[in-house]
Amino acid sequence: MAGDSFTRIRLAAQVRHQGILLLREPGPLIGYTVMPLLLIAVLRPMFQAIDHLHAASTLTGTGQAAAGMAVMFSIFAMKAVGASMLEERTWNTWDRLRATPAHSGQLLLGKALPLLVTLIAQQFFLFGFAITMFGLRPASNWWALVGTTVVWSTCVLLLGTAASSLIRSPAQLSACGDVAAVLTTILAGALVPTTLLPGWLQHLGPVSPGHWAMRGYEAALIDGNAKAIVGPLAALAVFGALGIGLGALFSHRSGG
Amino acid sequence: MYTCYTYGMLEAVALHKRFRDVPALEGFDLAVAAGEIVGLVGHNGAGKTTFARSVAGLVRPDRGTIRVAGRDVAREPREARARLGLAPQELALYPTATARENLLLFAGLHGLRRKESKRRVDEVAEALVLVDVLDRKIRELSGGQQRRVQAASAIVHRPPVLLLDEPTVGADPTTRDALLSTLRSLAGDGAAIVYTTHYLSELDALEATLAVADHGRIIARGERAKLLSGVPGHAILEFDRSAASLDPPVMTSAEIFTRGAEMTIRAIDPAAIVAALLAAYPEAASQLRAIQVHAPTLDDLYRGLVAHHGR
C-alpha cells in the first residue's frame, strides 16, 4: 500500500513538473498546432478539386486535408518529444532523476503523459477547427476518430522517444525530425493522395506508420465504416510496440 | 534523527570499475559513519566521480559492494537511493523551471507528499539563503545560487547519506557559510556526508575527516591534523637580487629552489627553516624584501601521498 502511495506521489510530481516545462516553452507546439490550420484552409480546395474529378462529396476534401495535416504535424510535433528527451540529457537531469528512488518506467511515464496529452490536444484542436469552420463530420462515428487520434498519438510518442535515444544534438534532431516528417507525410499520402503518387512510392507506403494513421483517419472520416479502422490501428500498435522495443534497446546500449 | 548504523552508514568495499580498458576504480574502499563528514579529495581521474555515480546506482561496479544506510545498492537499488542525497559536480537542474519547482520535483520523487514537500522546500531555502530566489528560474540565477539549489535538491528529503561534489563552487563567503552550517547540522542529526572539495578551509570548517583518492582507490584516510602533520609546507622569500647568487645551503630537512629573485623552501616547519637560514646568512637577511609562509595545503598532502605511493 505504501509502495502504491509512493508510486502515485512520484508519478504526480513528475507529471506536474513536465507539464510546467511544456508550458514554459510552448512555442514549437503552438506553431505545430497553428500551421496545420492554415494549411487545411489552403489545401481543402485542392483536395475538393481532386475529389470532384473522382465524383466524391465536397466534405471529403476537408476530411483529406484535415487527416493529412494531422498526420504531418503530429510527426513534426514528435520533434518536441525528441527535444524534451534531449534536454534531459544536455541538462544532466536524466541521471539526476535516475538517482532518485523512482523507477525508470515511472520516470518515463511521468514524462510521456503530458506530451501525450499535448499531442492528442493538438489533433483535437485541428479536427475541432475543421468541424467548426468547414463542417467536417466523421462518416462513421466520433469514437472512431477519437480512437484513431489516441492510438496514433501514442504511436508517435513511442517512436519519438525511441528515436530521441539516438539523437545527440539539437542540430541532429532538427535534421532527422524534418526528414522523417516529410518522408512519413509523403508515404502516408497526407500531402498528396497516394493514388497520385508514383507506383513505387505507393508500394513503400505501408512501411510508414503515417500510412496506417492516414488509413485510420480515412476510415473514420470518409469511408463510413468504423470496423475499417481496426486494421490500421493494429498496425499502429505494432509500430508502437516497435518503438518500445527500440527505445529499451537504444537506452540500454547508451547506458540510459 | 536517522536510524544509526554507527559503523558504515555508507560502506563501499573493494570497488572495481573499468570503462573499456581504462580503470576508474581499483579497490576503492570507503566507510563513513553516522554523523561523520568525510572530505573526499583527489585530482581529476582519481575515481571520485565514478565512486559517486556508483553509490547513486548510475554506474554498476564490476566488483565490490556498496551499502547505503544498510541497503545494498546492487540488490536493493531503489531502497538505497531513497536514503541518498546527491549533488553531482555538474549542474543538474531544469533551467526553465524555478528553484521551487525543481525542489518540489525532487521532494516528490523521494515520495514526499505535496504539503510536506512545500514545507521542506521552505525550510531548506531558509537554511541555504535561497528564500529570495525560490520563484526565479534556474537560468536567471548566478552560478553560486544554482549550486546552492542543487545542494538543496540533495537534502530536501533529509537523507541519511549525502554525496556533495564541490557544492560551493562560485558561492560567496556568506552563502558558503550557510551551506557549511547546514551540513554540520545534518551531520549533528546523524547524517553521513561525503564532501568533495579543493579547499582545506572548508573541511576545517566542517571538522571533516579526510579520504584521499588516487588512481581509483583511497590512499589515505583519517583525521585532517594527523594526515597533514607530516606534510611539508613552504615559504617563499623574495630578495633584491638573484636568489641563486646568495648561494643557498644544502639542507637535509628542507628542499630549497631558486628562480630569479625568489627562493622557495619546502619543509615540515618552513618558518623555523627560514629563521635558521636568515640567522646563518646575514647577507641574505639584508637583501630580503618579502617573506610568505604557507601551511600545508590539500595539494601538498596529495603530492606527498602520491609520491609516497610511487605514482
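Could you pull out the chymotrypsin sites (Phe, Trp or Tyr not before Pro) across the range B:216-311 that fall in loop regions by DSSP (anything but H, G, I, E, B) with no more than 11 other Cβ atoms inside 10 Å? Qualifying residues, ordered by number: none. In chain B, the longest principal axis of the Cα atoms and the axis of helix B:143-155 are about 50 degrees apart. 3J(HN,Hα) couplings calculated from phi for the range A:239-248 with the Karplus curve 6.51 cos²θ - 1.76 cosθ + 1.60 (θ = phi - 60°) are, in sequence order, 4, x, 5, 4, x, 4, x, 5, x, 5 Hz; Gly and Pro show x. Considering only B:Tyr199, B:Tyr94, B:Tyr281, the mean-square fluctuation computed in a Gaussian network model of chain B, springs between alpha carbons under 10 angstrom, is largest for B:Tyr281. Neighbour counts of other Cβ atoms within 10 Å put B:His215, B:His157 in the fewest-to-most order B:His215, B:His157. Within the listed set A:Thr118, A:Thr184, A:Thr100, the Gaussian network model of chain A (springs between alpha-carbon atoms below 10 Å) gives the highest mean-square fluctuation for A:Thr100. Looking at chain B, the DSSP beta bridges with both ends there are about 70 percent antiparallel. A simple count of charges around B:Pro95, restricted to other residues whose Cβ falls under 10 Å of its Cβ and scoring Lys, Arg +1 and Asp, Glu -1, yields +1.
In summary, the lysines within cross-link reach of B:Lys115, defined as a Cα separation below 30 angstrom excluding same-chain residues under 8 places away, comprise A:Lys111, B:Lys137. Each label was represented as a point 7 Å from its Cα along the Cα-to-Cβ direction; for B:Val293 and A:Arg24 these points are 5.3 nm apart. Of all beta bridges that DSSP places with both ends in the protein assembly as shown, some 70 percent have antiparallel geometry. Counting Lys and Arg as +1 and Asp and Glu as -1 over every other residue whose Cβ lies under 13 Å from the Cβ of B:Val149, the net charge comes to +3. Toward the positive end of the charge dipole of the protein assembly as shown, with +1 on the Cβ of Lys and Arg and -1 on the Cβ of Asp and Glu, the farthest Cα among B:Tyr281, B:Leu128, A:Gln18 is that of A:Gln18. Helix A:209-218 sits at what angle to the longest principal axis of chain A, using alpha carbons and giving 0 to 90 degrees rounded to 10? For helix A:209-218, the angle is close to 50 degrees. With everything on Cα atoms, drop me the angle between helix A:104-134 and the longest principal axis of chain A, reported from 0 to 90° to the nearest 10. Its long axis makes an angle of about 20 degrees.
Bear in mind that the values in this text are calculations on the coordinates, not laboratory data. All figures in this text were calculated on a predicted structure; none of them were measured in a lab. For neighbour counting, all protein chains shown are included, and Cβ atoms are generated from backbone atoms with ideal geometry for every residue, glycine included.
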